[in-house]
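This report concerns only the one structure given below.
The values are calculated or read from the model by the stated rules, or taken from the named source; none is laboratory data. Here the structure is a predicted model, which is why all the values come from computation and not from measurement. Every residue, glycine as well, gets a Cβ built from its backbone with ideal geometry; the counts of neighbours run over all protein chains shown.
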Amino acid sequence: MTGPETFAPFLAALQGSLLVLSDERPISGDGWFASVELCADTPPRAGQSPADAILEAYCDLLEPLGGHARAIWDGCSRKSFNLGFESWGAPPRGSICQEQRIAADTVARIAALRGCITVSVYAVPMARRRSIHTSTTR
């Protein structure tokens, strides 16, 4: 998230629900930046993807916000719900790809919060690829 003021009151309102990865004023001095993750596991319901469950959990936290915390959220210039994936490794259940379906209702909830969904694909470093390959081929 990026906004014009400190996120401290917003983060305090959600204390215990979010793990704060970053809460800082960028060197450029343009506003504030915060990055958070959910503290609790969010197991998906039957037929629901893990990514959809995580996005739903964020919506459940943010939709009822009020007061100054809500004003801070509403004042953000960037509200990104970022889903991160590793690009190489052993996919779940022996498949060769990982599909994460996001339900239309979840997309609508994020849109109502004026957020966007971002997908980040992280490359696994070559040294780790070699160690994974070595350990799985023995």
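Values as computed for the structure displayed
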{"item": "Residue satisfying all of: in the range 59-90; free of Cβ contacts under 8 Å to residues at least 40 places away in the same chain and aromatic (Phe, Trp, Tyr); farthest from SER35 (Cα to Cα) among these", "result": "PHE85"}
{"item": "Test: residue in the range 72-91 that is β-branched (Val, Ile, Thr) and modelled with pLDDT of 95 or more", "result": "yes"}
{"item": "Any chance ALA69 is small (Gly, Ala, Ser) and within 25 Å of ALA8 (Cβ to Cβ)", "result": "yes"}
{"item": "All positions within the range 112-138 that are modelled with pLDDT of 50 or more and basic (Lys, Arg)", "result": "ARG114, ARG128, ARG129, ARG130"}
{"item": "Yes/no for ARG25 being basic (Lys, Arg), farther than 26 Å from ALA123 by Cβ and surrounded by 15 or more Cβ atoms within 10 Å (Cβ to Cβ)", "result": "no"}
{"item": "Filter pass, CYS39 being under 29 Å from ASP105 (Cα atoms), in contact (Cβ under 8 Å) with a residue 24 or more places away in the chain and of a type outside the set (Phe, Trp, Tyr)", "result": "no"}
{"item": "Tally of residues being out of contact with any Gly (no Cβ under 8 Å at 6 or more places or on another chain) and in a loop (DSSP other than H, G, I, E, B) across the range 25-65", "result": "18"}
{"item": "Looking only at the range 92-111, and only at residues there that are among the charged types (D, E, K, R) and at pLDDT 70 or above, the one that is farthest from GLY3 (Cα to Cα)", "result": "GLU99"}
{"item": "Residue within the range 47-66 that is farther than 25 Å from ALA103 by Cα, surrounded by fewer than 16 Cβ atoms within 10 Å (Cβ to Cβ) and out of contact with any Lys or Arg (no Cβ under 9 Å at 6 or more places or on another chain) present", "result": "yes"}
